[in-house]
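One structure is given below, encoded as structure tokens.
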Ligand code: ATP
Ligand code: MG
Ligand code: MG
Ligand code: MG
């Protein structure tokens, strides 16, 4: 089954069960300045869930573009290392706004997974929230999942809340045991473990309480359902692929990277990591730019810049010295334009934005890497094994290295980064820029210089704005 077919199967199933097929919303949330990017299917329905916005349907199905990089949900540094995490991914979801609830939601999910996708029943595991006996009864008595394959997990995994107050409720998640070879060294490896063995496929959220300032939970009059399943994960299972990157949602992009670099994904683990990062980040950059995010030194644009620079750095590692990301991005557009037609409209624009960023970053990348290598030699020889805040700041300020590039380059985990020192250097830089702005504003110095025929050039605010919040 192709990735596109896995997507269609999901949408068609819920359409058949009277769900309205709603288009994915933008990666930039339209009315939520607190949220960096749309990171789940429910984001476009937030106001509907709390009853502030009425829609002419009470059930919906979507395939939602999501980004989990920067902000509260940040999977950026997992990318390349786990089989299942991306920065950009598609979340398939069905929603009920006060229509059906727990039993129906569980029944739909189980029916679709076992009869639609035909997953082997004896490999499926279920997690529920600690005290959610209602969910236990449904899974065990109605669906027939044996008790020993139902696991009770705590708040971090299986309780969801919109914020500190407001709608919240327990979740239930469906996992598939992918076998021992995906496992880890932990003797207690089980559902909820961080490794890729018990792969979490689908999360069903039961929005059934309202939490007030004291933390008291009051049942909602019209409980709601919000679910999310990663398309890339279900596709990897359907294609019996080792990782999401071995599915047809990624292989054409990786094929292009192989062609450009003359290397193979199977050459060695480090090459595989680089190719995974590049293919993932090509998708993220393409979709973010298509939704109007531009590379910048703060906020959303800075996260995009980090993603692109990280990809370029990994490209350098496998010998890609010429700009390549705009080429892999074109592959993404070709593959995804059927499902997301908006990509067609901005094809040339996306290519040029990426190419520009590549060209400007390439100039400093090699010098920066050299400086970092030299600094690391000294650090390794030293007792404390700390990379100083000043070096991190110089790499950041002069060479445009986001901190995560530095982290990626340092494979020796006895070395630590002095991030406090980095913040201090950043603050000192801000102070300096503030006083120089005050100086310029006084006009005196400027008038003198300009009278003397000196032209000033605006070089932007590179490195001066509030990025440290999202580093
Ligand atoms: P995990 O525990 O594997 O990090 P999660 O519990 O953070 O996943 P949810 O927030 O429950 O994920 O999101 C719903 C579904 O979206 C997950 O069950 C999974 O299928 C998918 N998903 C979540 N994060 C990612 C990601 N970074 N890349 C790809 N798919 C993801
Ligand atoms: Mg997660
Ligand atoms: Mg989880
Ligand atoms: Mg989850």
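The values are calculated or read from the model by the stated rules, or taken from the named source; none is laboratory data. This one's a predicted model, so the numbers in the text were calculated from it and none came from an experiment. Every residue, glycine as well, gets a Cβ built from its backbone with ideal geometry; the counts of neighbours run over all protein chains shown.
Among (1) assigned to a loop (DSSP other than H, G, I, E, B); (2) free of Cβ contacts under 8 Å to residues at least 24 places away in the same chain, where does residue 136 come up short?
(1)
Of the conditions (1) over 30 Å from residue 57 (Cβ atoms); (2) more than 10 Å from ligand 1 (Cβ to nearest atom); (3) crowded, with 22+ Cβ neighbours inside 10 Å, residue 242 clears all except one; give me its number.
(3)
Can you find a residue that is within 15 Å of ligand 1 (Cβ to nearest atom) and under 23 Å from residue 216 (Cα atoms) anywhere in the range 109-128?
yes
Which condition from (1) part of a loop (DSSP other than H, G, I, E, B); (2) away from ligand 3 (no atom under 16 Å from the Cβ) is the one that residue 192 breaks?
Just one mismatch for residue 192, condition (2).
Starting from residues that are over 20 Å from the mean Cα position of the chain (by Cα), within 16 Å of residue 97 (Cβ to Cβ) and assigned to a helix (DSSP H, G or I), keep the ones in the range 1-48 and report whichever is modelled with the lowest pLDDT.
Filtering the range 1-48 for residues that are over 20 Å from the mean Cα position of the chain (by Cα), within 16 Å of residue 97 (Cβ to Cβ) and assigned to a helix (DSSP H, G or I), the one modelled with the lowest pLDDT comes out as 47.
Can you name the condition, by its number, that residue 221 falls short on among (1) outside the structural domain of residue 339 (by TED's automatic domain parsing); (2) modelled with pLDDT of 95 or more; (3) more than 16 Å from ligand 2 (Cβ to nearest atom); (4) outside any helix (DSSP H, G or I)?
Tallying (1) outside the structural domain of residue 339 (by TED's automatic domain parsing); (2) modelled with pLDDT of 95 or more; (3) more than 16 Å from ligand 2 (Cβ to nearest atom); (4) outside any helix (DSSP H, G or I), residue 221 fails exactly one: (2).
Sort out which residues of the range 173-189 are in contact (Cβ under 8 Å) with a residue 12 or more places away in the chain, away from ligand 2 (no atom under 16 Å from the Cβ) and not in a loop (DSSP other than H, G, I, E, B), and write them in order of number.
176, 177, 180, 182 - these are the residues of the range 173-189 that are in contact (Cβ under 8 Å) with a residue 12 or more places away in the chain, away from ligand 2 (no atom under 16 Å from the Cβ) and not in a loop (DSSP other than H, G, I, E, B).
Taking residue 51 as meeting all but one of (1) touching a residue at least 40 places away in the same chain (Cβ under 8 Å); (2) outside any strand (DSSP E or B); (3) within 16 Å of ligand 4 (Cβ to nearest atom), write down the number of the exception.
(3)
State which residue pairs qualify: first residue within 13 Å of residue 132 (Cα to Cα) and inside the range 157-171, second residue within 13 Å of ligand 4 (Cβ to nearest atom) and not in a strand (DSSP E or B) in any location, beta carbons under 8 Å apart, and separation of 6 or more residues or different chains.
What qualifies is 170/158; 171/157; 171/158.
Give the range 93-111 a look and list any residue that's touching a helix residue (DSSP H, G or I) at 6+ places or on another chain (Cβ under 8 Å) and within 16 Å of ligand 3 (Cβ to nearest atom), or say none.
93, the sole residue that qualifies.
Residue check: is residue 308 within 16 Å of the chain's Cα centre (by Cα) and assigned by TED's automatic domain parsing to the domain that holds residue 94?
Against the criterion (within 16 Å of the chain's Cα centre (by Cα) and assigned by TED's automatic domain parsing to the domain that holds residue 94), residue 308 does not qualify.
Please determine whether any residue of the range 69-87 is in a strand (DSSP E or B) and either away from ligand 4 (no atom under 16 Å from the Cβ) or more than 10 Å from the chain's Cα centre (by Cα) (or both).
no
Considering every residue within the range 112-126, establish whether at least one is buried (at least 20 other Cβ atoms within 10 Å of the Cβ), touching a helix residue (DSSP H, G or I) at 6+ places or on another chain (Cβ under 6 Å) and in a loop (DSSP other than H, G, I, E, B).
no
Among the residues of the range 389-423, how many are assigned to a loop (DSSP other than H, G, I, E, B), crowded, with 18+ Cβ neighbours inside 10 Å and touching a strand residue (DSSP E or B) at 6+ places or on another chain (Cβ under 9 Å)?
Summing the residues that are assigned to a loop (DSSP other than H, G, I, E, B), crowded, with 18+ Cβ neighbours inside 10 Å and touching a strand residue (DSSP E or B) at 6+ places or on another chain (Cβ under 9 Å) in the range 389-423 gives 1.
So which residues in the range 65-79 are at negative phi and either in contact (Cβ under 8 Å) with a residue 60 or more places away in the chain or away from ligand 2 (no atom under 16 Å from the Cβ) (or both)?
Once the filter is applied, which keeps residues that are at negative phi and either in contact (Cβ under 8 Å) with a residue 60 or more places away in the chain or away from ligand 2 (no atom under 16 Å from the Cβ) (or both), the range 65-79 yields 65, 67, 69, 76, 77, 79.
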